[in-house]
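Peer 1: Before I ask anything, here is the structure I am working with.
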Amino acid sequence: MENLLEQYAQIVGNEVTDHIRQLANPLKGARILHVNSTKEGGGVAEILNRLVPLKRELGINADWEVITGEKEFYQCTKKMHNSLQGDRDDISSELLAIYEKTNLENFERLKDKLEEADIVFIHDPQPAAFLHYCTGRKGKWVWRCHIDVSHPYRPVWKYLREYIKGYDASIWSLSSFAQPLTHPLYLIPPSIDPLSDKNIELPENVVSEFLDSWGIKKDCPVITQVSRFDRFKDPIGVIRSYRLIKNYVPVQLVLAGGGATDDPEGSQVLQEVKAFAGNDPDVHILELPSDAHRAINALQRGSDIIIQKSLKEGFGLTVTEGLWKGKPVIGGDVGGIKLQVLNHYNGFRVNTPEGAAMRIRYLLKHRELMEAMGRNARQLVLDNYLITRHLREYLTLVVALLLGSEEKIELNYPAH
Ligand code: UDP
């Protein structure tokens, strides 16, 4: 059985994987611990599920732990998440006390690992207070922020900043997402894994079977949004766009989503979406379990156009996934979608349901253009947003933090 890196080499080329091996050489045996708040559902879990095994294969002692808490803890962290993305949502002192208590309890549970690790990556706000309780740390601590904190609700950011400022560094997905801090800030956009169930090539008959199982017709274009049921993803706006298109051309809409275990608002939004959709047979609302990766893969491949009409977005992994499958993407003009969707090249960025409807109608009328955009879409991801690029940047950061100027790594460029 080939090792993982050899399999990636077949997609990205040997030069890329050789560089990764060279970067990992001085890190053999290093203890790297990631902590986040969910094993499945949402972009962070997707990435960690693949990055951690890859690091292990490279001889790094990589590990991943998950913070757990009661319902109120997730209510609090959901509010934090929304406030950091701009909602004016005050968090009561009772909820903050639960946040602190949960962090302390989880810290105590993981204390030995956290104190011994050479590098600790803390993902997002949920476990951010760990460092405050860690008096005997040996390694470097990095806060990895996956969300857009460009215009936070100040009281909530001020509260969280007290915990963040003690970290040795922080990582942000885009420069515009970051807040000023006194430690070094690094920019690392996330990535997708071309070998995961979510993204691997699928035979046409598998795609077709999935579409049949959901009652999706083959002879009518399919527009799909895959997202947690979250207001920032604007599922209602997507339905409005669909209705505007439907007035002129036949089309089917799929809204597929499931719950991340750290998102208590999901079921309420889902009910609102179902009520708004009514009983239109061409609107398919699919509630998928969080491990339905092949199903989502098939759905993205079986769609004509991918939509991600977010009003706020982190990086937008669903966009990357859609582009990788060679589909034009209609995306909200926010967050990481701005990096990934380039107007007239691989899709269109839009601000309103009307704008989305106009662009989709245009694409459906120009099939050859859609195909050309699909090719551009895949190439953009191949060049920029695969896990190999992501891993390489993490390793570079770890080398810099652990070895500083002591170690110089000469990356071997093959002679041309
Ligand atoms: N996802 C999933 N099931 C769902 C909804 C989303 O597996 O029901 C996946 C999706 O394919 C993507 C990730 O979760 O890989 C969502 O990442 P994104 O950055 O788009 O949004 P987030 O949920 O992190 O805001």
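The values are calculated or read from the model by the stated rules, or taken from the named source; none is laboratory data. Source: prediction; values computed, not measured. Cβ atoms come from the backbone with ideal geometry, glycine included; neighbour counts cover every protein chain shown.
Peer 1: Being in contact with a helix residue (DSSP H, G or I) (Cβ under 6 Å, 6 or more places away or on another chain) and assigned to a loop (DSSP other than H, G, I, E, B) is the filter; apply it to the range 148-165 and report the residue that is modelled with the lowest pLDDT.
Peer 2: Top of the filtered list is Asp148.
Peer 1: Looking at Lys233, is it near the ligand (Cβ under 9 Å from one of its atoms), more than 25 Å from Pro203 (Cα to Cα) and modelled with pLDDT of 95 or more?
Peer 2: Criteria met by Lys233.
Peer 1: If you go through the range 123-141 one residue at a time, do you hit one that is in contact with a strand residue (DSSP E or B) (Cβ under 8 Å, 6 or more places away or on another chain) and at pLDDT below 95?
Peer 2: yes
Peer 1: Could you tell me whether any residue of the range 340-363 is touching a Lys or Arg at 6+ places or on another chain (Cβ under 9 Å), within 16 Å of the ligand (Cβ to nearest atom), of a type outside the set (Lys, Arg) and on the phi < 0 side of the Ramachandran plot?
Peer 2: Checked the range 340-363: at least one residue is touching a Lys or Arg at 6+ places or on another chain (Cβ under 9 Å), within 16 Å of the ligand (Cβ to nearest atom), of a type outside the set (Lys, Arg) and on the phi < 0 side of the Ramachandran plot.
Peer 1: How many residues, within the range 325-346, are under 25 Å from Ile11 (Cα atoms) and either touching a residue at least 40 places away in the same chain (Cβ under 8 Å) or surrounded by fewer than 23 Cβ atoms within 10 Å (Cβ to Cβ) (or both)?
Peer 2: Here the count works out to 10.
Peer 1: Here's something else I'd like to know. Kindly indicate which of Arg154, Arg137, Arg161 is without any contact (Cβ under 8 Å) to a residue 24 or more places away in the chain, surrounded by 15 or more Cβ atoms within 10 Å (Cβ to Cβ) and either over 30 Å from Gly29 (Cβ atoms) or hydrophobic (A, V, I, L, M, F, W, C) (or both).
Peer 2: Arg161
Peer 1: Continuing with the same structure: Just give me the residues in the range 182-201 being assigned to a loop (DSSP other than H, G, I, E, B) and among the hydrophobic types (A, V, I, L, M, F, W, C), in sequence order.
Peer 2: Passing the criteria: Ile188, Leu195, Ile200.
Peer 1: Just to verify a result, which residue in the range 243-267, among those that are part of a helix (DSSP H, G or I) and within 16 Å of the ligand (Cβ to nearest atom), is nearest to Leu363 (Cα to Cα)?
Peer 2: Per the criteria, the residue is Gly266.
Peer 1: Let me ask something else about it. Taking the range 166-180, which residues are over 16 Å from Ala129 (Cα atoms) and assigned to a loop (DSSP other than H, G, I, E, B)?
Peer 2: Within the range 166-180, Ser173, Leu174, Ala178, Gln179, Pro180 qualify.
Peer 1: Of the residues Lys408, Lys365, which is basic (Lys, Arg) and at pLDDT below 95?
Peer 2: Going through Lys408, Lys365 in turn, just one is basic (Lys, Arg) and at pLDDT below 95: Lys408.
Peer 1: Output the number of the condition that His19 fails; it satisfies all remaining conditions of (1) in contact with a Lys or Arg (Cβ under 7 Å, 6 or more places away or on another chain); (2) closer than 18 Å to His146 by Cβ; (3) of a type outside the set (Gly, Ala, Ser).
Peer 2: (2)
Peer 1: Consider Ala30 carefully, then state whether it is under 15 Å from Arg144 (Cβ atoms) and touching a strand residue (DSSP E or B) at 6+ places or on another chain (Cβ under 8 Å).
Peer 2: So Ala30 does not fit the description; no.
Peer 1: Could I ask something else about it? Keeping to the range 54-73, report how many residues are in a helix (DSSP H, G or I) and among the aliphatic types (A, V, I, L, M).
Peer 2: Result for the range 54-73: 1.
Peer 1: Here's another thing I want to ask about it. Quick check on my filter: what residues within the range 294-324 are within 12 Å of the ligand (Cβ to nearest atom) and polar (S, T, N, Q)?
Peer 2: Asn297, Gln300, Gln308, Ser310, Thr318, Thr320
Peer 1: Using the structure shown, decide if Asp234 is in contact (Cβ under 8 Å) with a residue 40 or more places away in the chain and surrounded by fewer than 16 Cβ atoms within 10 Å (Cβ to Cβ).
Peer 2: In short, no.
Peer 1: Determine whether Val273 is touching a residue at least 60 places away in the same chain (Cβ under 8 Å), under 25 Å from Ile147 (Cβ atoms) and more than 11 Å from the ligand (Cβ to nearest atom).
Peer 2: no
Peer 1: Then there is this: When both residues are 6+ apart or on different chains and their Cβ atoms are under 6 Å apart, which pairs have a first residue that lies in the range 212-229 and is under 10 Å from Leu253 (Cα atoms), and a second that is part of a helix (DSSP H, G or I) and within 16 Å of the ligand (Cβ to nearest atom)?
Peer 2: Correct list of pairs: Thr224/Leu299; Gln225/Val238.
Peer 1: Also, I was wondering about something else. Could you say which residue among Asn61, Asn14 is more than 22 Å from Lys198 (Cα to Cα) and without any contact (Cβ under 8 Å) to a residue 24 or more places away in the chain?
Peer 2: Asn14
Peer 1: Identify, by number, the condition in (1) away from the ligand (no atom under 16 Å from the Cβ); (2) in a helix (DSSP H, G or I); (3) under 21 Å from the mean Cα position of the chain (by Cα) that Glu46 doesn't meet.
Peer 2: For Glu46, the failing item is (1).
Peer 1: Could you please let me know if Asp219 is within 14 Å of the ligand (Cβ to nearest atom), in a loop (DSSP other than H, G, I, E, B) and surrounded by fewer than 16 Cβ atoms within 10 Å (Cβ to Cβ)? Give the steps one after another, and end with the answer.
Peer 2: Values: within 14 Å of the ligand (Cβ to nearest atom): no; in a loop (DSSP other than H, G, I, E, B): yes; surrounded by fewer than 16 Cβ atoms within 10 Å (Cβ to Cβ): yes.
For Asp219, the condition - within 14 Å of the ligand (Cβ to nearest atom), in a loop (DSSP other than H, G, I, E, B) and surrounded by fewer than 16 Cβ atoms within 10 Å (Cβ to Cβ) - is not met.
Peer 1: Identify, by number, the condition in (1) farther than 28 Å from Ile330 by Cα; (2) surrounded by fewer than 22 Cβ atoms within 10 Å (Cβ to Cβ); (3) touching a residue at least 24 places away in the same chain (Cβ under 8 Å) that Ile122 doesn't meet.
Peer 2: (2)
Peer 1: Now, a different point. Pull up the range 74-119, narrow it to residues that are of a type in the set (Gly, Ala, Ser) and part of a helix (DSSP H, G or I), then point me to the one that is surrounded by the most Cβ atoms within 10 Å (Cβ to Cβ).
Peer 2: Here is the first cut: in the range 74-119, the ones of a type in the set (Gly, Ala, Ser) are 83, 86, 92-93, 97, 117.
Imposing the further condition that a residue be part of a helix (DSSP H, G or I) reduces the set to 83, 93, 97.
Numbers: Ser83: 23, Ser93: 8, Ala97: 12.
Among those that are of a type in the set (Gly, Ala, Ser) and part of a helix (DSSP H, G or I), it is Ser83.
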